[in-house]
Amino acid sequence: MNDSLEQDMDQAREDWSPHSAHWGAFSARWNGATLDIRPYENDPGPSPMLANFTTAMRHKARILRPMVRKAWLDRSAPSARTFDQKFVACPWDEVLDLLANELSRIRTEHGAAAIYGGSYGWASAGRFHHAQSQVHRFLNVAFGGYVRSVNSYSAGASAVILPHVLGSYEDISRRNVTWDQIAEHTDTVLAFGGMALKNSDVASGGISRHIERDAMEKAARRGAVFYGITPLRDDMPEEAGARWLPIKVGTDVALMLALAHTLRIENLWDRDFVARYCTGFEIFERYLLGRDDNTPKDAAWAAAITGIPAATIVDLARRLPRGRTLITVSHSLQRAQFGEQPVWMGAVLAAMLGQIGLPGGGYNYALGALGMLPATSSRSRASPTCSSIRARGSNTTAGRCNILISSWSIGRAAIPSIITRTSTGCGGPSMSRKPSSCTRARGRRWRSLPTSCCRRR
């Protein structure tokens, strides 16, 4: 460890300094050997991950100086890169010169398109210390551009499909149903993929108050029922008192379809909501009822796929319209082939219940999988979807404002032509937006629900 770092630690030995990390806010001081950590006093559920900081300053895995691949420094004959290649510690001044010269060479010989601006960004909390933002800013200013990635590992499918179906990823995941609303209003939560607190302990950019555990406990005490639909029982915290439905991996959409089938057959769905706010239901309905493939997607059909008894599925479906119901889908469900399907089908199921836009009800992507800020006001607000106009008491709509239930997504203009939105009731000013075509979205054609939503995988 270098001398300056040792001196800084000695000076901080008696002083508590505030910090923020992806796992929460805290104060820390150096005690001569390790860090003392004190969570933010107003955090009702501090993350146990903060304890990892205690030995981080002198951990054997910490890289204290820049490391450069020895073969590159020696300019030796090209050889295949392997994990056992040697790295050499170099002074910062030397490394900065090496980087500047090599980047200049690449730009001169190959252009800015040959430079990839990487770094995923999970270093320090806050925007200034966000490694990816700093790399991108540097490459824009110094080289006039670079190649970058789009989207993320976390939401590779959901961030692409949601704007075509319901709204922006940020609106549906982060500016939607609040934990205060759940504690106060929600009667039933269907948590596809669960709501593991180890996930909501983490928030990109930092978080000061972990409120999920308390909110679930308050809701459960009021009488709300949580269903953890996941292969792992501990994907729901004990405070939620969740009923566990141990579903087979990758079969969530089959369960959603069976719930939708019972709602449709027993006339428990909100026909008026679907007619007013949704597009494509008649196509989805044909598939759901098996009119073309002679396979109704009923509870018995889903039981054989999911491992959940048909009677349990039917009873659950009948419960959903009796009170305020929230459908959530975790990140994990869309990190798979056809990962867009559970994200989409969860919204379809919520639309059939007609509660999108009501406090504590409807659909929220990744609630319980992302650390969330508490509501800024105790006043309930509607979900930022097209249906929020109803929750705010408006009786008029300006233009079309639809939830895409299904589409024969063949050809470049299929989805954009269906969900062009022009409305003053869709969470903001009047707007007219056509998403990029489905064939351009990720270099592939999106499969529609009627043809592939329940593939076994």
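The values are calculated or read from the model by the stated rules, or taken from the named source; none is laboratory data. Note that the structure is a prediction, hence the values are computed from the model and not measured. Counting neighbours? That spans all protein chains shown, and the Cβs are built from the backbone with ideal geometry, glycine included.
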Heads up, the helices (runs of 4 or more DSSP H) in the stretch 123-221 (entirely inside) with at least 3 residues that are surrounded by 23 or more Cβ atoms within 10 Å (Cβ to Cβ) and touching a Phe, Trp or Tyr at 6+ places or on another chain (Cβ under 8 Å) are 158-165
Kindly check whether there is at least one residue in the stretch 304-327 that is within 16 Å of the chain's Cα centre (by Cα), assigned by TED's automatic domain parsing to the domain that holds K198 and not in a helix (DSSP H, G or I). yes
Checked pairs for the stretch 236-264, first over 19 Å from V189 (Cβ atoms) and aliphatic (A, V, I, L, M), second part of a loop (DSSP other than H, G, I, E, B) and at pLDDT below 95, C-beta under 7 Å and 6 or more apart or across chains, list as A254/C454; L257/C453; L257/C454
When the stretch 293-318 is checked residue by residue, the ones that are loosely packed, with under 15 Cβ neighbours inside 10 Å, in contact with a Phe, Trp or Tyr (Cβ under 9 Å, 6 or more places away or on another chain) and either among the charged types (D, E, K, R) or touching a residue at least 60 places away in the same chain (Cβ under 8 Å) (or both) are D293
Check your understanding: Given the structure, is G250 of a type outside the set (V, I, T) and within 20 Å of P309 (Cβ to Cβ)?
Key -> yes
Exactly one of D180, D187, D214 is touching a residue at least 40 places away in the same chain (Cβ under 8 Å) and closer than 29 Å to G250 by Cα, and that one is D187
Considering the stretch 328-366, residues that are of a type in the set (A, V, I, L, M) and either over 16 Å from L259 (Cα atoms) or outside the structural domain of L190 (by TED's automatic domain parsing) (or both), and then whichever is surrounded by the fewest Cβ atoms within 10 Å (Cβ to Cβ), we arrive at A336
The residue from V202, V249, V225 that alone is farther than 30 Å from P18 by Cβ, among the aliphatic types (A, V, I, L, M) and out of contact with any Pro (no Cβ under 6 Å at 6 or more places or on another chain) is V225
So H164, is it touching a residue at least 60 places away in the same chain (Cβ under 8 Å), assigned by TED's automatic domain parsing to the domain that holds R318, over 30 Å from L50 (Cα atoms) and in contact with a Lys or Arg (Cβ under 9 Å, 6 or more places away or on another chain):
no
Looking across the stretch 24-66 at residues that are farther than 23 Å from S204 by Cβ and in contact with a helix residue (DSSP H, G or I) (Cβ under 6 Å, 6 or more places away or on another chain), the single one that is surrounded by the fewest Cβ atoms within 10 Å (Cβ to Cβ) is T34
Please tell me if L255 is touching a strand residue (DSSP E or B) at 6+ places or on another chain (Cβ under 8 Å), assigned by TED's automatic domain parsing to the domain that holds M352 and surrounded by 19 or more Cβ atoms within 10 Å (Cβ to Cβ).
yes
